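Undergrad: Input: one structure, supplied below.
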Amino acid sequence: MIRKIFYAGIATAALMIGAAHATETIVWWDFLSGGDGIRMKAMLDEFNKEHEGKVHIDATTFDWGVPFYSKVQTSAAVGQGPDVMTYHESRMPLGVSTGTLSPLSPDELAASDIKASDFGPANWKAAQGPDGKQYAVPLDIHSIILYYNKDLLKKAGLLGDDGKPKGLDGAANWDAALAKLTANGVSGLSVPADNASGWRIFYTLLNQQGGDFLKDGKFLDGANLDKATAALTEMNKWVKNGWAPAKTEYPASIALFTSGKAAMHINGVWEVPTMVDLAKNGKLFDWGAIQIPVIFDHPATWADSHSFAIPDRKGNPVSPEKRKLVLDAVHWFNVHSLEWAGGGHIPAYLPVQESAAFKALKPNSDYVSLAKTAVFDPVSTLAGVASPVYDAAGNYVVPAMSGEIAPADAAKQTRDDLQGQTK
């Protein structure tokens, strides 16, 4: 009998020791597909290997855009969902307004060595709510950039000795360059004619004039309407003058550039791996990428950020212990974000962004300047990825670029459409 009790005691102690050393699991949701998905999976594998026996991230990828945000919102409302998730900073206003996101306290951020001073001010602020609380931690800055064919620019006298374009700043110079590069069956520029691309270019040009898309609850109010018209007029000029093909679908716009049929191309940093892979396989010319030129008054480029957030699971909150594990993991991903930068992104974490290793990463370090002049989407539940603002861009901005709607009319219709949705 004593022996049985003795062995039972040993078994119980062994179970307790085993429980004390059990691997903690972090349930993770993201919307990362394509090259981003492959890159993040590799980082997740690296994290899990490094933390084997201690912490394991159990990751699931869902469809990008509306499906993801709807799933997160409905699951949090009934106390379900992940411990951590990726979230676009541009969708913070929606997440906060629906009670989907849990605020991150200064103390718990500090406990995981996450500091505001390690991030650009605009990037950090874009992860806050209207209440000034922090709801996410940025991972990157992703923006549109200008891809260029060095050979074609050199022939046109538009390439400097440093291998970067010259003479593109200012609307007159930009237009002259497009005209000069459009020759012998080659277009000066290719641009995707989808709503997201249209919005990103338009918002860039609006902000280069110091315009406000949304101010004091009003869309394109006062002089901002004129600035919006000027931005749309410039975009329309590219198509009207034959410098850029009209109504080009996203894949076709890339193909025009990679086949040498367009000297320059405006697209997101996320297409950098496409160019890198083609070049590596000897299927691309000598190319480069820079920040969007200053076509109007001062530097400004549309930007967004992939960030990490903790859901506010109603009735089943993420425990303080699990939140600490999550934020420690988030910090790990920022410290290792040079790997993420391989997808074309700019690391949000300044110690990596300012490191010698990132400065050696091309072409990323050639457009890192945009991080200091990045303009994030308007703070509104109507704005951000897959939002009514993007829909309005598809309905009015893109048709204005192709000449189907007059720029002034498109600006007014954008204003009226979105203002009508605030009532």
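The values are calculated or read from the model by the stated rules, or taken from the named source; none is laboratory data. What you see is a predicted model, and the numbers here were worked out from it, not measured in a lab. Reconstructed Cβ throughout: ideal geometry from the backbone, glycine too, with neighbour counts over all protein chains shown.
Undergrad: Just need a number here: residues in region 97-119 that are surrounded by 21 or more Cβ atoms within 10 Å (Cβ to Cβ), farther than 19 Å from Thr60 by Cβ and within 20 Å of the chain's Cα centre (by Cα).
TA: So the answer is 1.
Undergrad: Quick one: which of Phe358, Phe333, Phe376 is aromatic (Phe, Trp, Tyr) and closer than 24 Å to His298 by Cα? If you could, list the steps in order and put the result at the bottom.
TA: Details: Phe358 fails: closer than 24 Å to His298 by Cα; Phe333 fails: closer than 24 Å to His298 by Cα.
Among Phe358, Phe333, Phe376, only Phe376 is aromatic (Phe, Trp, Tyr) and closer than 24 Å to His298 by Cα.
Undergrad: Follow-up. Can you spot a residue in region 349-365 that is free of Cβ contacts under 8 Å to residues at least 60 places away in the same chain and farther than 27 Å from Gly35 by Cβ?
TA: No, region 349-365 contains no residue that is free of Cβ contacts under 8 Å to residues at least 60 places away in the same chain and farther than 27 Å from Gly35 by Cβ.
Undergrad: Filtering region 164-216 down to residues that are assigned to a loop (DSSP other than H, G, I, E, B) and free of Cβ contacts under 8 Å to residues at least 12 places away in the same chain, which residue is farthest from Thr381 (Cα to Cα)? Explain how you work it out, then say what you get.
TA: Within region 164-216, the subset assigned to a loop (DSSP other than H, G, I, E, B) is 164, 166-170, 182, 184-185, 191-194, 209-213, 216.
Retained after the next criterion (residues that are free of Cβ contacts under 8 Å to residues at least 12 places away in the same chain): 166-167, 184, 216.
Values: Lys166: 39, Gly167: 39, Asn184: 46, Asp216: 14 Å.
My answer is Asn184.
Undergrad: Additional query: Out of everything in region 124-168 that is of a type in the set (Asp, Glu) and closer than 30 Å to Ser112 by Cα, what residue ends up being surrounded by the fewest Cβ atoms within 10 Å (Cβ to Cβ)? Steps first, please.
TA: Kept after step one, since they are of a type in the set (Asp, Glu), are these residues of region 124-168: 131, 140, 151, 161-162.
Okay, now just the ones that are also closer than 30 Å to Ser112 by Cα, so 131, 140.
Values: Asp131: 8, Asp140: 27.
Selected residue: Asp131.
Undergrad: Next question, about the same structure. Could you list all residues from region 374-422 that are more than 13 Å from Phe202 (Cα to Cα), touching a strand residue (DSSP E or B) at 6+ places or on another chain (Cβ under 9 Å) and assigned to a helix (DSSP H, G or I)?
TA: Once the filter is applied, which keeps residues that are more than 13 Å from Phe202 (Cα to Cα), touching a strand residue (DSSP E or B) at 6+ places or on another chain (Cβ under 9 Å) and assigned to a helix (DSSP H, G or I), region 374-422 yields Arg415, Asp416, Asp417, Leu418, Gln419.
Undergrad: Determine whether Val72 is within 29 Å of Gly34 (Cβ to Cβ) and modelled with pLDDT of 95 or more. Don't jump to the end; show me each part of the working.
TA: Details: within 29 Å of Gly34 (Cβ to Cβ): yes; modelled with pLDDT of 95 or more: yes.
Here the answer is yes, as Val72 does meet what is asked.
Undergrad: Considering each of Asp118, Asp107, Asp113, Asp131 in turn, give the residue that is in contact with a Leu (Cβ under 6 Å, 6 or more places away or on another chain) and either closer than 30 Å to His336 by Cα or not assigned by TED's automatic domain parsing to the domain that holds Asn236 (or both). Steps first, answer last, please.
TA: Values: Asp107 fails: in contact with a Leu (Cβ under 6 Å, 6 or more places away or on another chain); Asp113 fails: in contact with a Leu (Cβ under 6 Å, 6 or more places away or on another chain); Asp131 fails: in contact with a Leu (Cβ under 6 Å, 6 or more places away or on another chain).
Sole residue among the options that is in contact with a Leu (Cβ under 6 Å, 6 or more places away or on another chain) and either closer than 30 Å to His336 by Cα or not assigned by TED's automatic domain parsing to the domain that holds Asn236 (or both): Asp118.
Undergrad: Same structure again: Please go through region 338-363 and pick out each residue that is more than 14 Å from the chain's Cα centre (by Cα) and part of a helix (DSSP H, G or I).
TA: Correct list: Leu338, Glu339, Leu350, Pro351, Val352, Gln353, Ala356, Ala357, Phe358, Lys359.
The rows are residues; the columns are (1) free of Cβ contacts under 8 Å to residues at least 12 places away in the same chain; (2) outside the structural domain of Gly34 (by TED's automatic domain parsing); (3) closer than 20 Å to Leu205 by Cβ; (4) touching a helix residue (DSSP H, G or I) at 6+ places or on another chain (Cβ under 9 Å).
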{"site": "Gly268", "(1), (2), (3), (4)": "no, yes, yes, yes"}
{"site": "Met275", "(1), (2), (3), (4)": "no, yes, no, yes"}
{"site": "Gly282", "(1), (2), (3), (4)": "yes, yes, no, no"}
{"site": "Phe285", "(1), (2), (3), (4)": "no, yes, no, yes"}
{"site": "Pro293", "(1), (2), (3), (4)": "no, yes, yes, yes"}
{"site": "Ala309", "(1), (2), (3), (4)": "no, no, no, yes"}
{"site": "Arg313", "(1), (2), (3), (4)": "no, no, no, yes"}
